[in-house]
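Since the structure comes first, as structure tokens, the remarks are kept for the end.
What follows draws every value from the coordinates through simple rules; no lab data is involved. This is a predicted model, so every value here is computed, not measured. Positions of Cβ are generated from backbone atoms using ideal geometry, with glycine treated the same way; all protein chains shown enter the neighbour counts.
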Ligand code: AMP
Ligand code: MG
């Protein structure tokens, strides 16, 4: 007997009203955002939140990001912070901020911490569903815990199958890597917990100096930011990294090469795959998870992947690839 499939909804007004109604009545719905697809649930409904953890196989100690429509809705779940005014230009957008939580936010969302991660997403479909449901929506990436995040609706059904009963089709995600996470939960201190589409430099231009939490430090505080665990975003196939423009190391077995762009300096191989036309890190990031997922189904022994220059979104691209390669 074949497994029942997930049901797809379109982004028509009727289907989005249906998605909002499902969320209001305690169901989970996968929704597109500008970063990756999220598995959304009412952030104030314990039964709905419990389903998110079950569907993803996510440890209860990994806190969820709460998505809201605007700063007024944000103030209902998090304590105000004067620094938010300086971040207004990044919202709606791919920026998550960690703040002191309001009492209404369940422990399941925050992993029992006094802080909550909040984001005002930009994707029109996600915003319509926020407006129609009238609820704050907790939405981790819609993938099995630890696997590569989904950047297309089909990735959600491929890896969660019927465990995720509803998926709204919203096309491919623009950024393709998860949101930037900025911790403002302690007065007078700003820390970058996860690099993403909103860069460290852009945030510092508005806020002044921001400390970058290193991988070693985040390992010690693993439950404060488990998205920072070394091995995360990982395909089953082994991944080996090489520097931008370098020659990939010699390797045996069936090897795929994932390159940022065509490389006239390298003899082209039959199993070369290109992430962008011109070598742009933006385009590379947009296609990275899709390519990793495709290559993971093709029986390669090794994926050799080219790093980007470590500036702009290249920092987030390199961060995700480095974690995909961690064993
Ligand atoms: P995901 O939505 O799957 O991209 O993962 C969400 C990530 O947000 C978590 O794994 C944490 O790294 C981070 N996060 C969520 N809530 C908090 C919080 N209260 N404090 C620090 N980090 C958080
Ligand atoms: Mg995730």
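The table below gives the values:
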item	result
Förster-model FRET efficiency, 30 Å R0, residue 10 and residue 265, C-beta, rounded to 0.05	0.10
Per-residue [θ]222 nm for the chain (sum of -39500 (n - 2.57) over DSSP H runs n ≥ 4, rounded to 500)	-8000 deg cm²/dmol
Translational D in µm²/s for the chain (Stokes-Einstein at 37 °C, 0.692 mPa s, Kirkwood Rh from C-alpha pairs)	163
Residues 28, 104, 164, sorted so that the one with the fewest Cβ neighbours within 10 Å comes first	104, 164, 28
For segment 1-42 versus segment 138-179, the gap between their alpha-carbon centres in whole angstrom	11
Cα extents of segment 103-175 along the three principal axes, largest first (Å)	37, 28, 24
With Cα atoms, 0 to 90° folded angle of helix 46-56 axis to the chain main axis	10
Value in Å of the Kirkwood radius, where segment 47-91 supplies the Cα pairs that are averaged	12.8
Sites residue 252 and residue 278, calculated FRET efficiency, Cβ-Cβ separation with R0 45 Å, nearest 0.05	0.90
152, 56 arranged by Cβ crowding within 10 Å, fewest neighbours leading	152, 56
In degrees, nearest ten, helix 124-133 long axis to first principal axis of the chain (Cα)	30
Cα-based Rg / Dmax (Å) for segment 1-49	12.1, 37
For the chain, built as a Gaussian network whose Cα springs stay under 10 Å, the top-fluctuating residue of 35, 174, 271	271
Relative contact order of the chain, pairs being alpha-carbon contacts under 8 Å that are 6 or more residues apart, as %	20
Stretch gain in nm, segment residue 172-residue 72, where the contour uses 0.36 nm per residue and the Cα spacing is subtracted	33.1 nm
Sorted by Cβ density within 10 Å, fewest first, the residues 156, 109	109, 156
Contact order relative to length of segment 1-58, as percent, for alpha carbon pairs under 8 angstrom and 6 or more apart	20
Inter-label distance for residue 236 and residue 100, nm, one decimal - labels placed 7 Å from Cα along Cα-to-Cβ	4.8
Two-decimal ratio, segment 1-124, of alpha-carbon radius of gyration to 2.2 N^0.38 Å	1.11
Length added when fully stretched, residue 158-residue 309, from 0.36 nm per residue minus Cα-Cα	51.2 nm
Rough spin-label spacing in nm, given labels placed 7 Å along Cα→Cβ, for residue 50 and residue 211	3.8
Percent of beta bridges antiparallel (DSSP, the chain, rounded to nearest 5)	40
Kirkwood hydrodynamic radius (C-alpha pairs) into Stokes-Einstein, segment 247-327, 37 °C and 0.692 mPa s, D in µm²/s	253
